[in-house]
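Laboratory data are not the source of any read-out in this text; all were calculated from the coordinates shown. What you see is a predicted model, and the numbers here were worked out from it, not measured in a lab. No Cβ is skipped: glycine too gets one built from the backbone with ideal geometry, and neighbour counts run over all protein chains shown.
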Amino acid sequence: MLFTDSHEWIKLTGNKGKVGITKHARSELGEIVYVELPKVGQKVQAGVEICVLESTKAAADVYAPVTGTILAVHEVLHKDPHALNVDPESSGWIFEIELSNPKELSRLMSEKEYAALISRKA
């Protein structure tokens, strides 16, 4: 997995990646009660808002970690965001993206780098 400084993760399989929010982001938000999913086929740019999460504390934007095309969304989350609350870094994935510029991955952080980032902000 690779991470953004805005607390998204991407797990790659070839030229595709599943994307979600980190455990840290989920804990900061509190219980997530609604997910506005992106549209399949939507073309997105790295760093641009792609969907919104609403929690008991606040609404939060989710940003695309890479540029690409949305291949799939986790439809279940629209009706029941429970997986995001329980397992945000696995079964709580939000969307799948096909990368159009794999070189952008070099801008993302490793797990160790991300852990250092959140420990500095604590």
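Applying 1/(1 + (r/R0)^6) with R0 = 35 Å to the Cβ-Cβ distance of residue 16 and residue 58, what FRET efficiency is obtained, to the nearest 0.05? Before the final figure, lay out the partial values.
Numbers: r = 30 Å, r/R0 = 0.87.
Approximately 0.70, to the nearest 0.05.
Could you list, in their original order, any pairs among 18/43; 23/79; 79/103 whose Cα atoms are separated by more than 25 Å?
Values: 18/43 15 Å; 23/79 21 Å; 79/103 35 Å.
As for pairs spanning more than 25 Å Cα to Cα, those are 79/103.
Using +1 on the beta carbon of Lys and Arg, -1 on that of Asp and Glu, and nothing else charged, what's the dipole of segment 2-121 about the Cα centre, debye to 20?
300 debye
Helix-only estimate, please: 222 nm mean residue ellipticity of the chain, summing -39500 (n - 2.57) across DSSP H runs of length 4 or more and dividing by its residues, to the nearest 500.
That calculation yields -5500 deg cm²/dmol at 222 nm.
What does the charge count near residue 72 come to, summing +1 for each Lys or Arg and -1 for each Asp or Glu among other residues with Cβ under 14 Å from its Cβ?
Taking every Cβ under 14 Å from that of residue 72, the sum is +1.
Which Cα, out of 25, 106, 70, lies furthest along the positive dipole direction of the chain (beta carbon charges, K/R +1, D/E -1)?
In the chain, that residue is 106.
How much of the calculated P(r) for the chain lies past 23 Å, in percent of all Cα pairs?
Result: 23 percent of Cα pairs exceed 23 Å.
Around residue 56, with a cut-off of 15 angstrom between Cβ atoms, what is the net charge of the other residues, counting Lys and Arg +1 and Asp and Glu -1?
My count for the surroundings of residue 56 gives -1.
Given a cut-off of under 8 Å on Cα pairs at least six residues apart, what relative contact order in percent is computed for the chain?
In percent, rounded to a whole number, it is 31.
Under a straight-distance cross-link criterion of Cα-Cα below 18 Å, which aspartates and glutamates are reachable from residue 112, leaving out those fewer than 8 residues away in the same chain?
5, 8, 89
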